[in-house]
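One structure below.
What follows is calculated from the coordinates using simple rules that are stated; it is not laboratory data. These numbers come from a predicted model, not from an experiment. For neighbour counting, all protein chains shown are included, and Cβ atoms are generated from backbone atoms with ideal geometry for every residue, glycine included.
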Amino acid sequence: MQDLLYFLQQLINGLTIGSTYALIAIGYTMVYGIIGMINFAHGEIYMIGAYTALIAITGLAALGIAWLPLILIVALVCAMIVSSSMGWAVERVAYRPVRGRHRLIPLISAIGMSIFLQNYVHLAQGSRNIGFPALIEGGFRFGSADSFQTSISYMQITIFITTLICMSLLSLFISRSRIGRACRAVSQDLGMASLLGIDTNRIISATFVIGAALAAVAGLLLGMYYGSIDPLFGFIAGLKAFTAAVLGGIGSIPGAMLGGLILGVAESMTSGYLSGEYKDVVSFGLLILILLFKPTGLLGKPEVEKI
Amino acid sequence: MTTSVKKLVTAVSTSIALMGAGHAAAEIKIGIAGPMTGPVAQYGDMQFSGARMAIERINADGGVNGEMLEAVEVDDVCDPKQAVTVANRLVNDGVRFVVGHLCSSSTQPASDIYEDEGILMVTPASTSPDITERGYELVFRTIGLDSMQGPVAGEYLASLNPERVAIIHDKQQYGEGIATAVRDTLKNAGVEIAMFEGITAGDKDFSSLITKLKQADVDYVYYGGYHPELGLILRQAEQADLDTVFMGPEGVGNKDINTIAGDASEGLLVTLPPSFDEKEENKSLVQAFEAKGEDPSGPFVLTSYTAVQLIAEGIEQADSTDPFEVAAALRSGSFDTPIGTVEYDEKGDMKSFEFVVYEWHSDGSKTPVN
């Protein structure tokens, strides 16, 4: 019984962290799906989202507002607006001028952007770890009180539900809306879509804005869940989310979700049953295995040779 | 007209150049190398404020053998790669005495460069035993060793008669070194070590680790590392209702842990150098810090002050600015400093250095427990 509860607890831990990987991975996968480049500055957009949310929360607290839903909504909206404009600006400044060149050039531009944003936040906000208030506290417990108890906190539930809502909305948006249809068209064939009268520049901007907005959601959620943020934390999270995107099949939105969850659970099970030291070994080992045996990822479609 | 202007310009620039040269010759450059930015910058602040104060006060007293001290400050971000870069920069700047570095993992590679280039280094904070194990002639410290701090923590934990203890570390030279020392002490005392495990520095999610600690049902957790990770572990452990007491080395004992962990930092046990700022004989020095609006209570402020003072006294006693002669003077002498009487052994370690166990409070204050 105790073993089962322990397993359940590690599963919950893994699914929580996995959902947030998925939220960040969307940004990588959508951009790759549409223009075939890796946006390495995406982790920084996520980090900026977390900082913006913290500034908004602190500001509201200074105004004496203590009503939790209002604080969360204002923080979320602020973070999404700032991150989205950042995502849009990054694309406009760093990627559009080099689009269509050799594929290494936008990649290098993206890495440069990532370093720039990291150091900008270093300068603007200081390099220290800043504590993030835990706004949602408490949770449910299972199991008898004298032995191991499985607990699921309200924060973890919030993370699951928010991720599910975001993912469902995004899927609906991509499959039903006009912009979504245009997105799919652009991802199939950019040149052809533009010949058919789709404003491809606008669609590409929209992709960056959507990815950044979801990253901002993840920034707020993870800031609250973990409890501290620093200018470098976007880099590691970005790397993990990128791994999740590749694992699930880069370019595929359900793939990003699946990849994120698998990665999260693999990490927490490794820490739980093996040792925390092997966490990254296992997650990146998994990536290598997938790439060896299924190079397109779990749900990715094989690339059709365009002649 | 033009010629006279030219002459004037030449005359002025020559005299400026000469002034510069004369100025430089009368100064002894002291490199101060530590993290100004990065995750452990607050320790760097302590180091810089202590060293600057020492340089100011020594210069106000007429300098060393009539020569003024000049600080050359560099930022190593507590990153071994950056430490090598800034060490080379100090070499290029003609610095012959260095106070630094702070993190053991930075001090180690930087000290290789200093030893090769004949530069004397005094680290005010690095506690890894390896640093002085290599038979270097020019490496000193004004702080104790993990091999002294670990046993103090281990013996204290053992005296509480725990059934099971878990030991976590951040896989870095400092954290793992001290965690190993604690483990060995506890083992010798017959305490069961339920877990000895590393985490990745910079990680944010410790939910799996905390679940594991809960499962292992331990009485105490010792953490070898720095405050950013321990702060998160404390906070996430409180949220997961993990009922245990945490203990850490001086790398976790600063007020930033309170901003991360909040109330969860109450009751944390920390081994720290004794509060030198509370000593009677340091009163005027403490007042000098307070007059500048600085806080002398950090663990590395007065050790850095002492590092500068030792270099100055070493130069005076050797009557030379040759680092090798200064090193010989430091090894043979006995010095009265704000951290007590300092005497060095052959390796460059202090012959005695005390660590004290404190209980940390959620308002950032601390009380000694033994």
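Brief remarks on what is shown
- With Cα atoms defining each centre, the range B:31-64 and the range B:161-223 are spaced 34 Å apart in the structure.
- Nearest-ten-degree value, helix B:323-332 long axis tilted from longest Cα axis of chain B: 50
- Cα gyration tensor shape of the protein assembly as shown, rounded if a/c is under 1.5, else prolate or oblate by comparing a/b with b/c: oblate
- Length released on extending from A:Phe116 to A:Trp67, taking residue separation times 0.36 nm less the Cα-Cα span: 14.0 nm
- For the protein assembly as shown, share of DSSP beta bridges that run antiparallel, in % to the nearest 5: 35
- Of all segments of chain A bounded by trypsin sites (Lys or Arg not before Pro) found in a DSSP loop with no more than 13 other C-beta atoms within 10 Å, the longest spans A:104-305.
- Prolate/oblate/rounded call for the range A:95-141, Cα gyration tensor, a/c under 1.5 rounded: oblate
- The mean sequence separation of alpha-carbon pairs under 8 Å and at least six residues apart, normalised by the residue count of chain A, gives a relative contact order of 35 percent.
- Simple point charges give the picture: +1 on the Cβ of Lys and Arg, -1 on the Cβ of Asp and Glu, and for the range B:120-263 a dipole about the Cα centre of about 180 debye.
- Distance from the alpha carbon centroid of the range A:32-57 to that of the range B:90-148 works out to 40 angstrom.
- Rounded to 10°, Cα long-axis angle of helix B:104-117 versus longest principal axis of chain B: 30
- Take chain B and mark each of the trypsin sites (Lys or Arg not before Pro) that is in a DSSP loop with at most 13 other Cβ atoms within 10 Å; the longest unmarked stretch, sites excluded, is B:135-291.
- Taken about its Cα centre, the range A:1-117 carries a charge dipole of about 540 debye when Lys and Arg each add +1 at the Cβ and Asp and Glu each add -1 at the Cβ.
- Axial C-alpha extent at least 27 Å, average Kyte-Doolittle at least -1.0 - helices from chain A (DSSP): A:2-35, A:42-62, A:68-90, A:104-125, A:154-176, A:200-226
- Selection from B:Thr321, B:Thr180, B:Gly144, by position along the positive dipole direction of the protein assembly as shown (Cβ): B:Thr180
- Crossing angle, helix B:41-60 versus chain B [Cα axis fit, 0-90 degrees, rounded to tens]: 40
- Taking GluC sites (Glu not before Pro) in DSSP loop conformation with at most 16 other Cβ atoms inside 10 Å as exposed sites, chain A has its longest uninterrupted site-free stretch at A:138-302.
- Lys/Arg +1, Asp/Glu -1 at C-beta; the protein assembly as shown dipole; positive extreme among B:Phe97, B:Val165, A:Ile174: A:Ile174
- Cα-Cα over 28 Å, subset of B:Lys171/B:Lys347; B:Lys187/B:Lys212; B:Lys81/B:Lys351: B:Lys81/B:Lys351
- Cα gyration tensor shape of chain B, rounded if a/c is under 1.5, else prolate or oblate by comparing a/b with b/c: prolate
- Estimated inter-spin distance, B:Asp116 and A:Gln2, nm [label 7 Å along Cα→Cβ]: 5.5
- By the beta carbon rule, with partners counted only under 4.7 Å, the protein assembly as shown holds these lone Cys residues: A:Cys78, A:Cys166, A:Cys183.
- Over the range A:221-271, the Kirkwood radius and the radius of gyration, each from Cα atoms, give a ratio Rg/Rh of 1.02.
- Normalised by 2.2 N^0.38 Å, where N is the number of residues, the C-alpha radius of gyration of the range B:243-370 stands at 1.26.
- Placing unit charges on each Cβ (+1 for Lys and Arg, -1 for Asp and Glu) gives the protein assembly as shown a dipole about its Cα centre, and among B:Thr306, B:Gly63, A:Cys78 the Cα reaching farthest toward its positive end belongs to A:Cys78.
- Each Lys and Arg Cβ is given +1 and each Asp and Glu Cβ -1; about its Cα centre, the range B:73-135 then shows a dipole of about 40 debye.
- Using only the C-alpha atoms, the convex hull of the range A:186-265 corresponds to 104 Å³ per residue.
- Rg/Rh for the range A:1-137, where both radii come from Cα atoms and Rh is the Kirkwood radius: 1.06
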